[in-house]
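K.L.:
Please find one structure pasted underneath; my questions will follow.
The values are calculated or read from the model by the stated rules, or taken from the named source; none is laboratory data. Please read all numbers here as calculations on a predicted model, not as lab measurements. Cβ sites come from the backbone with ideal geometry, for glycine too, and all protein chains shown count toward neighbours. Surface accessibility is based on the protein's heavy atoms, side chains included, excluding ligands, DNA and RNA. Shrake-Rupley method; radii C 1.70, N 1.55, O 1.52, S 1.80 Å.
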Amino acid sequence: MTRYREWYPNLSVITRVCESSSDPSGSAVVREVWSTESSFTDHDGRWLGVRRGWGSIKARLHSDAVRVQHRGAAPEPFGTVPRSRFQGGSVDVSVMASQYGKSQHRFIPYGRSSQRGEGWMDKIGGGNAYRFGAEDAERGGENWFKITIPHGKKYAKKWLLTSLQNLCPIAFIPLYYSTEGHKVHFYLEDAAAASALCKLTRRVTDSEGNRVAVLMNSCSSPPFLQSELKPQDLERLKHCMSKRFDGSQKSLDLNSIRTDPDLVSHNIEMILNQENCMQAVIKIIQENIPELSCLNLSNNKLCKLTDIAELVTKAPNLQSLNLSHNELKSEQELDKVKGFRLVELWLDRNPLCDAFKDQTTYISAVRERFPRLLRLDGHVLPPPICFDVETGTNIPACKGSHFVSNEIQGLIQRFLQHYYCVYDSGDRQLLLEAYHDDACFSLSLPSINHLSRCRLKNYHEHSRNIKNIKDSSAWFHLLKRSRLTVVAFLSELPKTQHDMNSVNVDVNTYSRTLLVFTVSGVFKEADDKLRDRVKAFSRVFITVPAQNSGLCIVNDELFVRNATSKEIRCAFAAPAPSNSPVMPTLTASQQEMLSAFSQMSEMNLEWSQKCLQDNAWDFHRAAQIFAELKAQGKIPEAAFIK
């Protein structure tokens, strides 16, 4: 038995050659492989595969069949089997016969899964493993591939590239062609072209009969993409762009600029998908043609629009943008350039166009970003409905309260003065007379992110903000029903002081039997002395005529929020009005006179009391004045609403 040991980076291979007991005419080879890493290469730089732990390779010398045995597993019989797998590891191992006329056979341990389908080895060219899969091709432009030609320096650049292109089934664009020692390097961004070129190794023969090897390695980003353009290259780019600019149309055509002969002849790689190249273009536009209105960036393999977004401020007059025939995959990329006030846009032949279920959805999504758009992919769109404000407009100041009539104004003002006089007093039980027996009440707050820092903590647990409450049963429990429940809940809220000078009233609905109005203003809690603790409120009252006075509340919706800085600044600046309550304490004789006068005049108690008070509680004089005013039609209808 003969024993050999071979060393590779992160790989130890022990080969034993011995006579086969089953077949004296041949010899058996046992190769044991140990790898401490998940991947390894041989001394030629070829990628071999992945394998963890121990394994062995058994085969007859000069045989085309190889079987793999995992240590501890039963050996499989030798035979002419096209491939075999590790038990549990599913690893293919094949004898790679030379396609260049050599009779030497070598055994290469592979650790990648064999679930590739038959003929997967056809993807490997001359010992260069297929180092990228379908996922690399799908990324299109995110991965790069470095092509190396050993001893390529002795060949003319034109002859070498032409020879490769003539045999390659896919057209490729070599980028940054350079030499290093005796080697030649260039880069490809197209995964399919790199795969096809990799298979051409040793298929090109020079004039001396030597075969040209082609090696390939994937890389994340070539070094030449990391640096800014040189001053002389920047000048050549500027000259190239000047020839592509149409001054009459203020249009710049950068279609397929990476293949422009002026740039290629000077070995300038203008890849607009790279930041340094796009920054150079933007700089030239900013300094020379800021009035640009049309820009064509088609056929540049753009997969992102991050760098183009700078043109929003550098070329504010841009109205037409052509991004067709690129590699934009997500409609979210358009959000980066929605600052453009575009009227024409081209996006066809981009992967993102296939993500929409129909044309209507596609147009809607694009127009959401560019509401002024008139043409999309060359097709005329319906005129947009825009509400853009071209010039600065100041929102007019609030006009204050809105009452439908003077009669309703007086009725509401007296009601509010009486209501908040009681509400801000120490005993809110007196509000029982203001609510209907079946009245409802709800309290709401705005959404609160940090409750610990919120000044509305006293109200938060009672908030019935349906937007924030997911439990429908809580909606029911937070709604206060019946007069007693409503007033009992109001009595539990913190004591307050309302600034009646800040109150605004808007009447929403009114009829002889219904009056709905919204009250808004500011208040502070009675025991809070800090001025900046002022709160704002908005309250909707739905009322009906009361039996013995002005209005009776059937629904009360209160919304409380933190006051704005302006509201805080103006709050409680003026002294509170000194109006007395509508229903001051009456003596027994006055109450009897009020009841009799209300029955005689058919006016409600509030207006009857007002008439008696204005006539110093003289019943006969009040009756005479009432008769005169009624005959003249000067008594409002609200006085007869009970």
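K.L.:
K535: which lysines have alpha carbons under 30 Å from its alpha carbon, excluding same-chain residues fewer than 8 sequence positions away?
P.N.:
K399, K457, K467, K470, K480, K495, K524, K566
K.L.:
Still on this structure, I have one more. Mind checking which lysines have their C-alpha under 29 Å from K153, skipping anything on the same chain fewer than 8 residues away?
P.N.:
Of all the lysines, those that pass the test against K153 - Cα under 29 Å, at least 8 places apart if same chain - are K102, K123, K183, K199, K230.
K.L.:
May I ask you to derive the relative contact order of the stretch 227-380, considering only C-alpha pairs under 8 Å and at least 6 residues apart, and to give it as an integer percent?
P.N.:
Numbers: 245 pairs, mean separation 27.2, N = 154.
Here the relative contact order equals 18 percent.
K.L.:
Can you give me the % of accessible surface on the stretch 588-639 that is carbon or sulfur? Probe 1.4 Å, all protein chains present, nothing else counted.
P.N.:
Working: 1510 of 3080 Å².
Of the solvent-accessible surface of the stretch 588-639, carbon and sulfur hold 49 percent.
K.L.:
Over the stretch 406-570, with every protein chain in place, what whole percent of the accessible area is carbon and sulfur at 1.4 Å, could you tell me? Before the final figure, lay out the partial values.
P.N.:
Numbers: 4370 of 8810 Å².
Reported share for carbon and sulfur atoms: 50 percent.
K.L.:
Arrange the peptides 560-568, 308-316 so that the one whose residues have, on average, the most other Cβ atoms within 10 Å appears first. Mind dumping the intermediate values first?
P.N.:
Values: 560-568: 15.4, 308-316: 17.0.
In descending order of packing, they fall as 308-316, 560-568.
K.L.:
Over the stretch 227-380, what percent of the accessible surface lies on carbon and sulfur atoms, probe 1.4 Å? Mind showing how you got there, number by number?
P.N.:
Numbers: 3550 of 7460 Å².
Roughly 48 percent, rounded to a whole number.
K.L.:
Peptides 624-632, 498-506, 185-193: what's the order by average Cβ count within 10 Å, highest mean first? Before the final figure, lay out each step's value.
P.N.:
Numbers: 624-632: 12.6, 498-506: 17.9, 185-193: 20.3.
So the order, starting with the most tightly packed, is 185-193, 498-506, 624-632.
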